[in-house]
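Heads up: the structure comes next, in structure tokens.
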Number of protein chains: 2
Amino acid sequence: MYAVIMAGGSGTRFWPVSRRDRPKQFLAIGTDRPLLVETVARLDPLVPLERILVVAGAHHADTIRALLPGLPPDNLLIEPCARNTAPCVGLAAAHLAARDPDAVMAVLPADHHIGDPARFRALIAAAADRARRGEIVTLGIRPTRPETGYGYIHFDRTDTVDIDGVAACRVERFVEKPPREVAEQYLASGRYLWNSGMFFFTPRRILADIGRFLPATRARLDRIAAAIGTPAYAETLEREFAATEAVSLDYGVMEHADRVRVVPAAFGWNDVGHWAALADFGDVDDRGNVLRGDTVIVDSHGCVVQSEGPLVALVGVHDLVVVATGDAVLVCPKDRAQDVRRVVDRLAARKREDVL
Amino acid sequence: MYAVIMAGGSGTRFWPVSRRDRPKQFLAIGTDRPLLVETVARLDPLVPLERILVVAGAHHADTIRALLPGLPPDNLLIEPCARNTAPCVGLAAAHLAARDPDAVMAVLPADHHIGDPARFRALIAAAADRARRGEIVTLGIRPTRPETGYGYIHFDRTDTVDIDGVAACRVERFVEKPPREVAEQYLASGRYLWNSGMFFFTPRRILADIGRFLPATRARLDRIAAAIGTPAYAETLEREFAATEAVSLDYGVMEHADRVRVVPAAFGWNDVGHWAALADFGDVDDRGNVLRGDTVIVDSHGCVVQSEGPLVALVGVHDLVVVATGDAVLVCPKDRAQDVRRVVDRLAARKREDVL
């Protein structure tokens, strides 16, 4: 079993801590270590570093090497440009196929939080077991609210297989982010799970499906694969990868694939989508505040406060996000945390490169 | 006419900008220049720097010299320790008496904001005119709300004199900060003014009243006065001033004095009592925000934001005070701005000298 960690994200919702050259996966967001480091650490001892591939853009290569000094150099795969997840996973599959086409690859986001790593390892071991047979397996998170920011997986409870005590249900359908009323129906039905973005398959299987649903991308991946280990690799990668269609694995492949199973999972998953998410998994004090760094809190509750240096003092406020770095401060209500990107947009329009 | 500017305050309600060694009067709070500099500047040309005395503690002497480089050295009077305003004004009166016992002294706080300096000068010129006759004159601010944080002046409209078109009414009584219902009655009656803390009298008159109501303080002031210009001055001041009773001029003298007149005034007065006051006199944008320094405001209204460096970004908030310095950030609702001192108390308890 190999793990392929997709570390190419460039989120803006963790400004002012996240910046263009310091996206979320390289930051400690509600954690002690950067999320990428946490992602690698929680795979131990199931998947050692020798069998972990990290895929990211060239501008992040130095950061990744610094965060994961034990990662073998060949295990860092560089995307010459961002082309969404289908080409990214295809590139990793092409490399793994050269090593072992029947190995199982676990595709994992670099920037999620998992509350119960032991349970997580048990479930991904089971998922990998099933994927070894040539099926696609995904982890689906049991929904706890009618979230409109996630994709859902409609599963068939009547077609369930048991993998050493772990249930894996047949996937009926992947569905895109639903409107509120639909999300409420999904939640009430008990027949939908959140799409976690974690997938398990062999290189052989995923390359076959890419060939079926994204044949042009498959042809370019084959040319890249043929160049692996040759002097032409860098040039071939640059040319062919840039020409692939930018599409997500979910939309480009999963929504059309058959023989897909989902393992319903509950292990304290959080996709750390915005600052308010820290209230869901951070250490909460007796007034519901999540506090990191130097803070003084007077008569305030339900707040998320993170400081990378300045003392942050709150008096008489509630349900606010307050984040301070050495050069910037963010204040917003928790229920507006999604809109932090509007600050980043405004700063980009003002060409404020110093704080982007 | 001389001006005596009392610059000895040590407020905590403008933390984190104000610190122990940088009290409010030395800071630009909603202004371009420090409040002390504004106070001196608005007297020009009525009272030139040569006739301005500044009274403050020794630890602030260097700051005052730096802010007012043209102030004659003899015009900076040092209080060896803080003893409230009666000994402070008495000390200034003792010094002025040595220069000219019949000169009029205008006693002015160093840290107020005046929206209409020309009108202010016209009224203090009139007040000084009347004080020259041996009366005590004060400026009373026409109240605009049932404020419980100020003292009030009960005046007699039927006993009014005209000074070149400016009315001066007989004071019936100075009253301390009232409870809310009483303040509402005062406001409704039209017979009360806010006590501005600005007084006009000759040294002869105020020293006589100090002698009458605070005889022990008067005796000590006399000993200090006798030592002015002698080698014994510093030692005498140190000993005698420290032994005076710490009492305000209002409580120790004004509440008992007769022949006191008040000039009802309206010149955009603001005592700059806390951060939320900036909303009353700062430049307000079309969404009711007062913004100073580097800010990005998204969907927010009614806020007071001041940055001394960091970029401050607000998203979806209203009626908040947000203040950022290089080492600290404050967030509180405008109606809790009075409670900022609770942060300072907390920091003092934690011995956080670095941010006090």
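The values are calculated or read from the model by the stated rules, or taken from the named source; none is laboratory data. Computed from a predicted model, the values in this text were never measured in an experiment. Here Cβ is always computed from backbone atoms with ideal geometry, including for glycine, and neighbour counts include all displayed protein chains.
The figures follow:
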item: Qualifying positions in region A:1-44 - of a type in the set (Val, Ile, Thr) and either closer than 16 Å to A:Val323 by Cα or free of Cβ contacts under 8 Å to residues at least 12 places away in the same chain (or both); result: A:Thr12, A:Val17, A:Ile29, A:Thr31
item: Candidate set from region A:281-298 (those that are over 24 Å from B:Gly309 (Cα atoms) and among the β-branched types (Val, Ile, Thr)); member that is nearest to the other protein chains (Cβ to nearest Cβ); result: A:Val298
item: Evaluation of A:His301 against (1) more than 17 Å from B:Asp294 (Cβ to Cβ); (2) at the interface with chain B (Cβ under 8 Å from one of its Cβ atoms) (one fails), failing number; result: (2)
item: Only listed residue being touching a strand residue (DSSP E or B) at 6+ places or on another chain (Cβ under 9 Å), touching a residue at least 60 places away in the same chain (Cβ under 8 Å) and either acidic (Asp, Glu) or more than 9 Å from every other protein chain (Cβ to nearest Cβ) (or both), chosen from A:Val343, A:Val323, A:Val329; result: A:Val323
item: Residues within region A:64-89 that are in a loop (DSSP other than H, G, I, E, B) and within 17 Å of the chain's Cα centre (by Cα), tallied; result: 3
item: Single match in A:Leu311, A:Leu356 (criterion: of a type in the set (A, V, I, L, M), over 28 Å from A:Tyr152 (Cα atoms) and surrounded by fewer than 20 Cβ atoms within 10 Å (Cβ to Cβ)); result: A:Leu356
item: The listed residue being touching an Asp or Glu at 6+ places or on another chain (Cβ under 7 Å) and not assigned by TED's automatic domain parsing to the domain that holds A:Arg336, out of A:Arg212, A:Arg204, A:Arg239; result: A:Arg204
item: Flag if A:Val104 is out of contact with any Lys or Arg (no Cβ under 7 Å at 6 or more places or on another chain), in the same structural domain as A:Ala243 (by TED's automatic domain parsing), modelled with pLDDT of 95 or more and β-branched (Val, Ile, Thr); result: no
item: Selection within region B:185-240 - under 19 Å from B:Val89 (Cα atoms) and in a strand (DSSP E or B); result: B:Asn195, B:Ser196, B:Gly197, B:Met198, B:Phe199, B:Phe200, B:Phe201
item: Lone qualifier among B:Thr31, B:Thr12, B:Thr39 - being within 14 Å of another protein chain (Cβ to nearest Cβ), closer than 26 Å to B:Gln338 by Cα and not small (Gly, Ala, Ser); result: B:Thr12
